[in-house]
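See structure below.
The values are calculated or read from the model by the stated rules, or taken from the named source; none is laboratory data. In this text the structure is predicted, and so the values were computed from the model without any measurement. Neighbour counts run over all protein chains shown; Cβ positions are idealised from the backbone, glycine included. Accessible surface is based on the protein model in full, side chains and every heavy atom, while ligands, DNA and RNA are left aside. Shrake-Rupley method; radii C 1.70, N 1.55, O 1.52, S 1.80 Å.
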Amino acid sequence: MQILKLKETVAFMSYRKLASIFSIILIIASLTSLATNKLNWGLDFTGGTLLEIGFDQPADLGKIRTVLETGGFDDAVVQLFGNPNDVLIRLGQRENLKAEMLGNQILGVLEQGTGQTIDMRRIEFVGANVGDELTEQGGLAMLTALICILVYVAFRFEWRFALGSVTALAHDVILTLGLFSFLGLEFDLTVLAAILAVIGYSLNDTIVVSDRIRENFRKVRKGTPEEIINISLTQTLSRTMITSLTTFLVLLALFFKGGALIHGFSTALLFGIVVGTYSSIYVASTVALGLGISKEDLIPEVIEKEGADQEELRM
């Protein structure tokens with residue numbers, strides 16, 4: 001591997017203070033949105049009934065909401081689903097009422113109120129206990145993933161890189177959750193799966209960068225930690241950009257052509273790829289550099305051997 005000269009490298013770390021301020025502002029904004037707006041939990045987590053219905057003509061959401069409120073379903077959440085003729089209706093828990101019976105009641109109310117023939121596409125029901133269990137298990141899944149990553153990177157590289165990696169992953173998760181909270185997008189199991197995928201993608205980028213930094217600490221005899229990190233980031237930049245771009249193009253196809261069912265999934269991944277690439281460059285490396293990473297921390301046995309050789313030469 002050819003070591004880049006300092007003048008050929010991109011001075012990523014010279015912008016680390018600006019990047020840190022930018023990240024802190026985004027994190028504060030995300031946490032504020034999560035505290036005030038909260039997440040728009042999907043049926044998987046809240047429990048209730050989900051109905052997908054089709055109209056002969058483009059649906060009038062305002063009229064549908066009015067008809068449902070008049071019929072006693074004032075808690076119904078109505079939105080378009082894919083095209084102007086398809087509508088998604090979410091209802092809260094209904095005790096002692098089966099999903100099929102509830103669906104028939106909804107169809108009857110809407111057909112009478114709108115005068116249109118309505119087709120029931122699908123109906124789903126999730127109990128409250130199941131929703132609570134999914135919420136708990138989803139949170140534990142993310143927490144377990146972060147802890148395992150912390151242990152692995154600390155064992156594989158060095159504890160400073162471990163803290164940098166986990167900080168970058170937490171950064172990505174918080175910003176993605178903040179986006180969904182700010183935009184009011186539905187957060188369901190597909191979005192949770194996307195966030196776990198973002199964690200894996202971001203970790204892969206961070207591991208590649210960390211491995212190159214460790215390798216360059218061995219090969220570059222002269223240079224400060226900041227310069228060596230800049231060299232490493234420059235060497236991995238083309239790989240990072242190609243991987244991110246190809247993944248982004250695939251996700252764009254899913255976003256525009258995948259349909260409404262995976263819209264949240266593709267949105268989370270699209271945003272996660274962008275912030276994951278950014279965090280692998282600026283968050284993980286900045287934290288490691290701020291904690292004082294050096295050649296002695298990564299290859300102490302090599303430093304001790306070099307010191308012993310110098311002592312022998314002096315003698």
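When restricted to residues that are part of a helix (DSSP H, G or I), under 14 Å from Asn40 (Cα atoms), open to solvent by 10 Å² or more (accessible area, probe 1.4 Å) and touching a helix residue (DSSP H, G or I) at 6+ places or on another chain (Cβ under 7 Å), region 164-203 contains 6. Could you please let me know if Ser238 is part of a helix (DSSP H, G or I), buried (at least 21 other Cβ atoms within 10 Å of the Cβ), out of contact with any strand residue (DSSP E or B) (no Cβ under 6 Å at 6 or more places or on another chain) and among the small types (Gly, Ala, Ser)? No; evaluated as a whole, the condition is false for this residue. Scan region 175-185 and give yes if some residue there is polar (S, T, N, Q), within 30 Å of Ala260 (Cβ to Cβ) and at pLDDT 90 or above, otherwise no. Yes, that holds for at least one residue.
Check region 99-107 and report whether any residue there is at pLDDT 75 or above, over 30 Å from Ile25 (Cα atoms), among the hydrophobic types (A, V, I, L, M, F, W, C) and in a strand (DSSP E or B). No. Every listed requirement among (1) more than 25 Å from Glu136 (Cα to Cα); (2) not in a helix (DSSP H, G or I) is met by Lys38 save one, (1).
Test Leu251 against the stated conditions and say whether it is part of a helix (DSSP H, G or I), modelled with pLDDT under 85 and either buried (at least 17 other Cβ atoms within 10 Å of the Cβ) or touching a strand residue (DSSP E or B) at 6+ places or on another chain (Cβ under 9 Å) (or both). The answer is no for Leu251.
Per the conditions (1) modelled with pLDDT of 85 or more; (2) more than 23 Å from Asp119 (Cα to Cα); (3) open to solvent by 40 Å² or more (accessible area, probe 1.4 Å), the sole criterion not satisfied by Trp41 is (1). Does Leu4 satisfy being among the aliphatic types (A, V, I, L, M), farther than 20 Å from Val191 by Cβ and at pLDDT below 80? Taking the combined requirement at face value, the residue satisfies it. Any residue in region 55-72 that is surrounded by fewer than 19 Cβ atoms within 10 Å (Cβ to Cβ), in contact with a helix residue (DSSP H, G or I) (Cβ under 6 Å, 6 or more places away or on another chain), in contact (Cβ under 8 Å) with a residue 12 or more places away in the chain and of a type outside the set (S, T, N, Q)? Yes: one or more hits.
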